[in-house]
Amino acid sequence: MWFVLRPFSRLTSFAPVGCWAQFRKMEMKMKFSVPKMSCGHCTSAIEKSIAAADPAAGVTCDLQSRNVTVTTGKSAADIAAAIKKAGYESELLAG
Ligand SMILES: [Cu+2]
């Protein structure tokens, strides 16, 4: 995978669209438990904050289970930091 991406990294690093495509190739699905997420305001704050950290991220908030599923090229630590920035503690769940 890396040997495919590397020859293009120098070109794509200057092109936002290329960067985005690169992120898509490396993106991971991760699930966080956010116990204090209790209403629509919480989910929109979290979604906004994650979008600020990674505009290409896919975010699904489940209020019932209080889980946030994120598909992103960023690390789990980056996403946890974004959730914290929105004012919520989170815990990375397996899967
Ligand atoms: Cu709320």
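Every read-out reported here was derived from the displayed coordinates using simple, explicitly stated rules and does not represent laboratory data. Here the structure is a predicted model, which is why all the values come from computation and not from measurement. Counting neighbours? That spans all protein chains shown, and the Cβs are built from the backbone with ideal geometry, glycine included.
Taking the Cα centre of the stretch 26-93 as origin and charging only Cβ (+1 Lys, Arg; -1 Asp, Glu), how large is the dipole, in debye to the nearest 20?
100 debye
Beyond 14 Å, what percent of the Cα pairs of the stretch 34-77 remain?
Result: 43 percent of Cα pairs exceed 14 Å.
Using the count of nearby Cβ atoms within 10 Å as a rough guide to exposure, how do K48, K36 rank from fewest to most?
Starting with the residue having the fewest Cβ neighbours, the order is K36, K48.
Using θ = phi - 60° and the Karplus form 6.51 cos²θ - 1.76 cosθ + 1.60, what ³J(HN,Hα) does each residue of the stretch 54-62 get, whole Hz, x for Gly and Pro?
8, x, 8, 5, x, 10, 10, 9, 10
E89's amide H: which non-local residues (gap 5+, or another chain) put their own amide H closer than 5 Å, with H modeled 1.01 Å from N in plane and none for Pro or chain starts?
Counting only residues 5 or more places away or on other chains, the set is K36.
Whole-Hz ³J(HN,Hα) for each residue in the stretch 80-88, computed from phi via Karplus 6.51 cos²θ - 1.76 cosθ + 1.60 with θ = phi - 60°, x for glycine and proline: what do you get?
4, 5, 5, 5, 5, 4, 6, x, 10
If we count every other residue with Cβ under 12 angstrom of E91's Cβ, Lys/Arg +1 and Asp/Glu -1, where does the sum land?
On the way: positive: K31, K36, R66, K84; negative: E89.
Charge balance near E91 sits at +3.
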